[in-house]
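Nothing in this text is a laboratory measurement; each read-out follows from the coordinates by a stated rule. Small disclaimer: the values here were computed from a predicted structure and weren't measured. Methodologically, a virtual Cβ is constructed for each residue, glycine included, from the backbone with ideal geometry; neighbour enumeration extends over all protein chains shown.
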Amino acid sequence: MGLEIQRAAEEGDMCEIQTVDEAKVTRLRPKMSETEGVAPLFKALADDTRAKIIYALALEGELCVCDVAATINTSIANASHHLRLLRNLGLARHRKDGKLVYYALDDDHVRHLIMCGIEHAAELKQSKKTARS
């Protein structure tokens, strides 16, 4: 038994015996392909700069690249890079108005995800504060 597996078993993170509920596995296995495309979405959200951008867009609706950069305290080039990535991932859309480029979230799913994440993080902070008291 490898050291990592042994440690997991000792810490109670792993079954002590191996058994499979065939009915559950048979029911769930075909649904696993539904997760395709989900990891890149969460990778995008896992970057602090992109999370801030998504949150700002969720709160404001639409911002020009310059406003995004100023809001998150970064360069226009850096903000533009992250906004382009979000657009390429289908999480944001843009429009040009004269010499300005405005970005908005592509749909309410992205808004919902970031707002749920913010709420969850606030709850974690609160529970850690309560645990210390």
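Find which of His81, Leu100, Val65 sits farthest along the positive direction of the dipole of the chain, computed with +1 on the beta-carbon of Lys and Arg, -1 on that of Asp and Glu, about the Cα centre.
Working it through, the farthest residue towards the positive pole turns out to be Leu100.
Shape of the chain from its Cα gyration tensor (a ≥ b ≥ c, root eigenvalues): rounded if a/c is under 1.5, otherwise prolate when a/b > b/c, or oblate?
Prolate is the answer for the chain, as a/c is 1.5 or above and a/b outweighs b/c.
If you place +1 on the Cβ of every Lys and Arg and -1 on the Cβ of every Asp and Glu, how big does the dipole about the Cα centre of segment 73-124 come out, in debye to the nearest 20?
Numbers: 7 positive and 6 negative charges, 95 e Å.
In debye, rounded to 20, segment 73-124 gives about 460.
Going through the cross-link list Lys52/Lys128; Lys52/Lys96; Lys31/Lys125, which pairs have a Cα-Cα distance over 28 Å in this structure? Intermediate results must be reported in sequence, preceding the final value.
Working: Lys52/Lys128 23 Å; Lys52/Lys96 22 Å; Lys31/Lys125 34 Å.
Distance filter (> 28 Å) returns Lys31/Lys125.
Along segment 50-67, what does the Karplus equation 6.51 cos²θ - 1.76 cosθ + 1.60 (θ = phi - 60°) give for ³J(HN,Hα), rounded to whole Hz, x for Gly and Pro?
5, 4, 5, 4, 4, 5, 4, 5, 5, 6, 9, x, 8, 9, 7, 4, 5, 5
Would you kindly state how much longer the chain becomes between Glu119 and Thr19 on full extension, computed as 0.36 nm times their sequence separation minus their alpha carbon distance, in nm to one decimal?
On the way: separation 100, 0.36 × 100 = 36.00 nm, distance 3.72 nm.
Extra length available between Glu119 and Thr19 comes to 32.3 nm.
What are the residues whose amide H is under 5 Å from the amide H of Cys64, where those residues sit 5 or more places off or on another chain and H is modelled from the backbone?
HN-HN under 5 Å from Cys64: Tyr103.
Restricting things to Cα coordinates, could you compute the convex hull volume per residue of segment 71-133 in Å³? List each step's numbers first, then the result.
Details: hull volume 7.1 nm³, N = 63.
Per-residue hull volume (Cα only) is 113 Å³.
Can you tell me the dipole magnitude for the chain around its Cα centre, using point charges on the Cβ only (Lys, Arg +1; Asp, Glu -1), in Debye to the nearest 20? Intermediate results must be reported in sequence, preceding the final value.
Numbers: 19 positive and 20 negative charges, 111 e Å.
So the dipole magnitude of the chain works out to roughly 540 debye.
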